[in-house]
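First the structure, in the form of structure tokens, and then the observations on it.
The values are calculated or read from the model by the stated rules, or taken from the named source; none is laboratory data. Please read these numbers as outputs of a predicted model, since none were measured by experiment. As a convention, Cβ positions derive from the backbone with ideal geometry for all residues, glycine included, and neighbour counts pool all protein chains shown.
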């Protein structure tokens, strides 16, 4: 028969301390790991929302023909407002066949929808028939409960003497001159992911500012076609 | 009577090794996923900035600036996005500014001098999202380039 001696008090203290450290370490890693996973998932979802909104708006801006609302800036914090402009496009959209005499013009509208801090971003495309009458529309959600603020300042190119152009805000007086055209959209968008952990939620809110150029207008300016 | 003898040191070591074999790859995956997500985010920010810089250069030349004047040395994005347009907008308002993440992106615009004086020249935008010194030790991609044309409007000197 073998006999076992009891642990000494010193051994018990050392083993106890090691065991406690291991337990604390495991809990710490699991908690940190799960927070990291959650944080990554949220920032990843935020990036997707930002990409969806900015890439679609970039495509629309490239084909922009003219602005609605006299080129006024759009700010989502002012309830009930929309960013609205008209593009000439043949891109594939879920629209009915264009009526005869249609000019290829489409009205594009962006708005934030919802009462929460993080809102849906909705894009509406309306096909314009002869005399700019609506001839069917389609709507898509670019972000679901993901965008907290959305601001757009349209910028116009205004002709000067000697064939040069200067830029100005599209709702400023010089942009009303003949030959002026929209040049780009200055965009600021903030997106995030809702969370019960407000610290985590605020950490994942990302703001981006960029200019989206009206590429077809820039090409027209290069060709001197707008003089 | 049944006597419990406890665990031997070898058994404890084996248990720890099994736990480590499962746990370490899992934690590595978690950290790798975070790293990939961050990289993807910065790549997109760089692409956004590069596209803006390319079309901005095209627009400035279309507005009557010379191709040479739209060249930019490598510098991080900073402050008001409209400051870059001061050649054609002297009193541009400060409506927004680049975010902290965007300020980590550097932009350089080059214009090929070989076709200087002709109506069309080729430009290149280089966008980096990692400190150039740090990038030397990185094996993965830390910058991207876009090639674009700048076209002088007819009648411009």
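Annotations
- Only residues that are in a loop (DSSP other than H, G, I, E, B) and modelled with pLDDT under 90 were counted across the range A:181-227, and they come to 11.
- Selection within the range A:159-180: residues that are touching a residue at least 60 places away in the same chain (Cβ under 8 Å) and in a helix (DSSP H, G or I). The member of this set that is nearest to the other protein chains (Cβ to nearest Cβ) is A:163.
- Any hit, the range A:128-137, residues being surrounded by fewer than 14 Cβ atoms within 10 Å (Cβ to Cβ), assigned to a strand (DSSP E or B) and in contact with a strand residue (DSSP E or B) (Cβ under 6 Å, 6 or more places away or on another chain): yes
- Checklist (1) in contact with a strand residue (DSSP E or B) (Cβ under 6 Å, 6 or more places away or on another chain); (2) surrounded by 14 or more Cβ atoms within 10 Å (Cβ to Cβ); (3) at pLDDT 90 or above applied to residue A:54, failing item: (1)
- From the list B:43, B:37, the lone residue that is out of contact with any helix residue (DSSP H, G or I) (no Cβ under 7 Å at 6 or more places or on another chain), in a helix (DSSP H, G or I) and surrounded by 11 or more Cβ atoms within 10 Å (Cβ to Cβ) is B:43.
- Considering (1) surrounded by 22 or more Cβ atoms within 10 Å (Cβ to Cβ); (2) at the interface with chain A (Cβ under 9 Å from one of its Cβ atoms), the lone condition that residue B:89 does not fulfil carries the number (1).
- Put simply, of B:33, B:37, B:43, B:97 the only residue that is under 22 Å from residue A:48 (Cα atoms) and more than 9 Å from chain A (Cβ to nearest Cβ) is B:43.
- Screening residue B:140 against (1) farther than 27 Å from residue A:59 by Cβ; (2) buried (at least 19 other Cβ atoms within 10 Å of the Cβ) leaves a single unmet condition, (2).
- Checking every residue in the range A:66-74 against the condition of being modelled with pLDDT of 80 or more, surrounded by 18 or more Cβ atoms within 10 Å (Cβ to Cβ), closer than 30 Å to residue B:46 by Cβ and within 11 Å of another protein chain (Cβ to nearest Cβ) gives at least one match.
- Only one of the numbered conditions (1) more than 12 Å from chain A (Cβ to nearest Cβ); (2) surrounded by fewer than 17 Cβ atoms within 10 Å (Cβ to Cβ); (3) under 26 Å from residue A:152 (Cβ atoms) is violated by residue B:109, and that is (2).
- Selection over the range A:169-180 of residues that are in contact with a helix residue (DSSP H, G or I) (Cβ under 6 Å, 6 or more places away or on another chain) and surrounded by fewer than 22 Cβ atoms within 10 Å (Cβ to Cβ) gives a count of 1.
- Enumeration of residues in the range B:58-81 that are surrounded by 21 or more Cβ atoms within 10 Å (Cβ to Cβ) and over 15 Å from residue B:150 (Cβ atoms): B:77, B:81
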